[in-house]
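Enquirer: Have a look at the structure that comes next, please.
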Amino acid sequence: MDSISNTQLENSLLSSRLKLALIFIFLLTSVLLVRIYNLQVVNHEFYQEEALGNQMRSLPITPNRGKIYDRNGILLATNLLTYQLTLTPEKVDNISKTLLQLERLNFINENDIKAYYKKRKRFLKFHNIPIKHNLSKAKVAQFLVSNQFPGVDIESYFHRVYPHESSSVHALGYVSRMNKKESLLYDKENYSGTLFVGKVGIEKQYENLLHGRTGVKQIERNVSGRVVDTKIITPATAGKNLYLSLDLDMQKKAESALKGKRGSIVVVDVRNGEVLTLVSTPIYNPNWFVNGISHANYNQLRNSKDIPQLNRAVQGLYPPGSTVKPMVALAGLEEGVITNKSKTFCPGYYKLPNVKRKFNDWKRTGHGHVDVKDSLAQSCDVFFYDLANKMGIDKLHDNLDLFNFGRKTGIDIPGEQGGIMPSKSWKKINRNEPWYLGETLIAGIGQGFMTSSPLQLAVATAALANKGEIFQPTLLKATQSPGDSILTIDNKRSKQIPIKDIHNWEDVIEGMKMTIYAPKGTARRLNKGLTYTLAGKTGTAQVFGLDPEEQYIAEKYEEKLRDHALFTGFAPINNPEIAIAIIVENAGSGSSKAAPLAREVLDVYFNKQLSNRLTQ
C-alpha cells in the first residue's frame, strides 16, 4: 500500500514538474517569437539601417584650398599632395597603447599625441582622425611595410605651401590647425572635415572664398574594417583662386631694402587704391605654422625683441613727423590762415609769447625767411610751429581728419590699427587733462600724441597726389572659381576731400617737388639719374622728448631711443600713378635712411613700366 502511494506521489510530482517546464518553455518561446517578430517585422527597417551602418559610412571630403597669386600671376600660396597618418577610433582596441607604440617607432611624437586628444572630440568615432601630417616618403614606406596597426592608415591630402617662403608673409598670412574656439566660428557642416584655416592676413580675411565647399563620400568596409568601396555622394568644390594687387618684384625689393632693419614700406596706386607693396620687417617663414610650429622656431619668434609677427604696415603706430607737414600746409592754405606768399622767419627756434620754453627747429642755425614751398622743401619746423599756433588744434584736427588720420583705412586685412589724431576733446576723454598750447605746436610737425601707420601715410599721400580723392586701400584684385575665367573685382571705394582752391594743392605739391629737386631740398640726393619725376617729404620722428636746450646726438642713446626715419612721396608728379610711405625704426634721418629706400622700390615699378611699353 505504501509503495502504491509513493508511486502515485512521484507521478504527481513529475506531472507538475513537466507542466511547469512546458509553461516555462512556452513562455520562453513566446518571448523569443515576440522578439523575433519585433526585430524582423516591427523594427526591420531600423535594424537594417543599423546593420548597413556598420558596413557603410558617410565621410566628409575636404575641398582643395584656393591658390593665391600676385597681380602678375606669380604663385604666392599653393597646395602640394602629401601624406598623413590617420586613426579611426572605432577600429582601434586600445588607443593610448597604439599611440605609444607609434611614438616608440618614431611615426609620431609627444606633441602629436597631445594634439590628437585635443581635437578628437570634434570627430565621430568612425572618422579617420589625422595624427601626423606631411609624412616623408621614407616614413610612408616604413609604415606600409610594418602593417601592424589596425585602424591606423596612410591617407593623401593637399598640404599648404608658400613657395617664396618669408616673402610677403605679413600680407598673405598663413594657415594652421583649427583650434576649438575657431571651430565655433565656421559653418559646422562645411568645415566638418577641415583641419586648417587662415590665421592672419589674406588667408584669414578671405577664408570663406579660399576654403570651398565640403563634399560627402560613402565608404564600405568589410568585417575586418578595411575599405572595400568608396562612392562619391556630393563632390567637394575647390576654393576660389585669389589674385592680389601686390607686385612680388616690388615686395622682394622692399624686403631686401629693409633687411636687418625694423620697418615698413607701403606702395599704393594713386588711381584706385590698390596696394602694390605691403612689407613689414623682420619677416618670418609662414611654412613653419602649417603643420604646427616647432618649439625652436616658436621660441625664436617669441623671444625676438624685433617682434617679427607684428605687421608694422597696418599695426605699427608711429609719430608721422615731418611727413604730415604737406597736409598741415594745405590746411593752412585752405583755411586762409596763410597764403603762398606768407613768410615766417626761422632763427632756429620758436617761442610762444610769455613762455620761456623754446621749441627748437631741427636746424639750430635756422632757415631764415621761408614761405610755404620753402618750408616743405627744407622741412622748416618753425614755419609749422607758427602755422599750428595760428590754426589751433581743433581746426588742425578737422583738416587732417579729412585725410583719414586717426581712423582705420578699411584695408581688407585683419588687425589694422587706426592711430591717433588728437584734439582738445580727445585729450579730455582719453587723458582727462586739458589741452596745452605747446601741444598744438608739436602736433603741427607730427609729434606729440599724433600717431599713424605706414599704410595711413601712404593713403594720405596718394590723396594729396590726386588732389583730394582718398581711396579705401585694397589687396584683393580678382577671383577665379574652379574651371572659370578670372573675374576682376570692382571694389573701389573713395571719397572726395572738399577743395576750396585747387591752387593751394598745387602749391603744396610744388613744395614736395622742391624737396627732391631744389638745391636745399632735404631729399635732393634722390634726383640724380631719376627717369621719372618724384615729389616727396622726408621725416624724422622723435621717440622721446628732449630738454629744450639739449641737442640730439644719436650715439648718446641706445638704439631703441633713437629717432625713426620716414619718407613719403608720389610719382610721376603731373600724372601720379603710385604713392609710397616708408618708416625705418630708430634709424635716424629720414633723408639719409628712408628716402634712398624709396628710390630702390620706385625704380622697380618704373623700370617694369618702361619694359612693358617697349614690348608693346
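The values are calculated or read from the model by the stated rules, or taken from the named source; none is laboratory data. Since this is a predicted model, take the numbers as computed values, not measurements. Heads up, the Cβs are rebuilt from the backbone with ideal geometry, glycines too, and the neighbour counts pull from every protein chain shown. Areas reflect the complete protein model, heavy atoms only, side chains present, ligands, DNA and RNA absent. Shrake-Rupley method; radii C 1.70, N 1.55, O 1.52, S 1.80 Å.
Enquirer: Please name whichever of V314, M421, S167 sits farthest to the positive end of the charge dipole of the chain, dipole taken about the Cα centre and charges placed at Cβ: Lys and Arg +1, Asp and Glu -1.
Expert: Of the options given, the answer is S167.
Enquirer: How far apart, in nm, are two points set 7 Å out from the Cα along the Cα-to-Cβ line at I232 and at I219?
Expert: Simple spin-label model gives 1.7 nm for this pair.
Enquirer: To one decimal place, what orientation-averaged projected area in nm² is obtained for the convex hull of the Cα set of segment 246-404?
Expert: On the way: hull surface 54.7 nm².
The orientation-averaged projected area of the Cα hull of segment 246-404 comes to 13.7 nm².
Enquirer: Another question, if that's okay. Could you grab the Rg to Rh ratio for the chain? Cα atoms only, Kirkwood for Rh.
Expert: Expressed as Rg/Rh, it is 1.24.
Enquirer: Whole-Hz Karplus ³J(HN,Hα) for segment 358-365, in order, using 6.51 cos²θ - 1.76 cosθ + 1.60 and θ = phi - 60°, x for Gly and Pro?
Expert: So the Karplus estimates, Gly and Pro as x, are 9, 9, 6, 7, 5, 9, 5, 7 Hz.
Enquirer: Now for a separate question. Where the centroid of each part is defined by its Cα atoms, how far is segment 308-382 from segment 503-544 in Å?
Expert: 14 Å
Enquirer: What is the Cα centroid distance between segment 390-416 and segment 271-298, reported in whole angstrom?
Expert: So the separation of the two Cα centres works out to 27 Å.
Enquirer: Put one equal scatterer on each alpha carbon of segment 143-208, apply the Debye formula with no solvent term, and list log10 I(q)/I(0) at q = 0.11, 0.29 1/Å to two decimals.
Expert: Log-scaled intensity ratios, in q order: -0.40, -1.29.
Enquirer: In addition: If you split all Cα-Cα distances of segment 65-189 into 5 Å bins from zero, what percentages do you get per bin, shortest first?
Expert: With 5 Å bins starting at 0, P(r) equals 2, 9, 17, 19, 17, 14, 11, 7, 3, 1, 0.
Enquirer: In straight Cα distance, which lysines are under 20 Å from K424, not counting same-chain residues fewer than 8 positions off?
Expert: K390, K395
Enquirer: Please list Y191, Y37, Y83, Y186 in order of solvent-accessible area, largest first, computed with a 1.4 Å probe with all protein chains present.
Expert: Y37, Y83, Y186, Y191
Enquirer: Which sequence of Y349, Y162 reflects their accessible areas, 1.4 Å probe, from the largest down?
Expert: Putting Y349, Y162 in descending order of accessible area: Y349, Y162.
Enquirer: Still on this structure, please answer the following. Calculate, for L75 and D394, the FRET efficiency according to 1/(1 + (r/R0)^6) with r their C-beta to C-beta distance and R0 41 Å; round to the nearest 0.05.
Expert: Working: r = 50 Å, r/R0 = 1.23.
That pair, L75 with D394, gives E of 0.25.
Enquirer: Extending each Cα 7 Å along its Cβ direction at N612 and K259, get the distance between those two points in nm, one decimal.
Expert: Placing both labels 7 Å along Cα→Cβ, they lie 2.7 nm apart.
Enquirer: So how much slack lies between K181 and S146, counting 0.36 nm per residue of separation and subtracting their Cα-Cα distance, in nm?
Expert: Here the answer is 8.9 nm.
Enquirer: Once you have the Kirkwood Rh of segment 320-413 from its Cα pairs, apply Stokes-Einstein at 37 °C and 0.692 mPa s and quote D in µm²/s.
Expert: Value of D from the Cα-based Kirkwood radius: 233 µm²/s.
Enquirer: Please pull out the direction-averaged projected area of segment 437-476, using the convex hull of its alpha-carbon atoms, in nm² to one decimal place.
Expert: Numbers: hull surface 14.9 nm².
Taking a quarter of the hull surface, the average projection is 3.7 nm².
Enquirer: Please compute the length gained on full extension between S58 and Q40, using 0.36 nm multiplied by the number of residues separating them and subtracting their Cα-Cα distance.
Expert: Gain on extension, S58 to Q40, equals 3.9 nm.
Enquirer: Spelling out what I want: for every residue of segment 12-21, take phi, set θ = phi - 60°, compute 6.51 cos²θ - 1.76 cosθ + 1.60 (Karplus), and round to whole Hz; glycine and proline get x.
Expert: Karplus values, whole Hz, x for Gly and Pro: 5, 5, 5, 4, 5, 5, 5, 4, 4, 5.
Enquirer: While we're on this one: Largest first and to the nearest Å, give the Cα extent of segment 137-262 along each principal axis.
Expert: Principal axes ranked by extent give 63, 35, 26 Å for the Cα atoms.
Enquirer: Placing +1 on the Cβ of each Lys and Arg and -1 on the Cβ of each Asp and Glu in the chain, which of A115, I499, L27 has its Cα farthest towards the positive end of the resulting dipole?
Expert: Projecting each Cα onto the dipole axis, the largest value belongs to A115.
Enquirer: Further, regarding this structure: Which log10 I(q)/I(0) values does segment 263-320 give at q = 0.24 Å⁻¹ under the Debye formula, counting every alpha carbon as one identical point scatterer?
Expert: So the normalised log intensities work out to -0.99.
Enquirer: Something else: Would you list which aspartates and glutamates come within 18 Å of K528, measuring only between C-alpha atoms, while excluding same-chain residues fewer than 8 positions from it?
Expert: Those aspartates and glutamates meeting the cut-off are E600, D603.
Enquirer: Now, a different point. Can you quote the Å³ per residue value for the convex hull of the Cα atoms in segment 438-526, rounded to an integer? Can you show the working numbers first?
Expert: Details: hull volume 15.8 nm³, N = 89.
Each residue corresponds to 177 Å³ of Cα convex hull volume.
Enquirer: Hey, another quick one. Mind checking the log10 I(q)/I(0) for segment 345-475 at q = 0.19 Å⁻¹? Debye, one equal scatterer per Cα, no solvent, two decimals.
Expert: -1.13
Enquirer: Shifting gears a bit: Taking a virtual spin label 7 Å from the Cα of E110 along the C-beta vector, which residues in segment 275-304 bring their backbone nitrogen under 17 Å of it?
Expert: What the label zone holds, given the 17 Å backbone N cut-off, is 293-299.
Enquirer: Taking the Cα centre of segment 133-252 as the origin and placing charges on Cβ (Lys, Arg +1; Asp, Glu -1), which of L184, F196, P150 is farthest toward the positive end of the dipole?
Expert: Highest projection toward the positive end goes to P150.
Enquirer: Please give, to one decimal in nm, the separation of the simple spin-label points placed at I502 and L100, each 7 Å out from Cα toward the Cβ.
Expert: Rounded to a tenth, the inter-label distance reads 8.2 nm.
Enquirer: Let me ask something else. Given 0.36 nm per residue, what is the gain on full extension from Q8 to L437 after removing their alpha carbon distance, in nm?
Expert: Stretched fully, the Q8-L437 segment lengthens by 141.6 nm.
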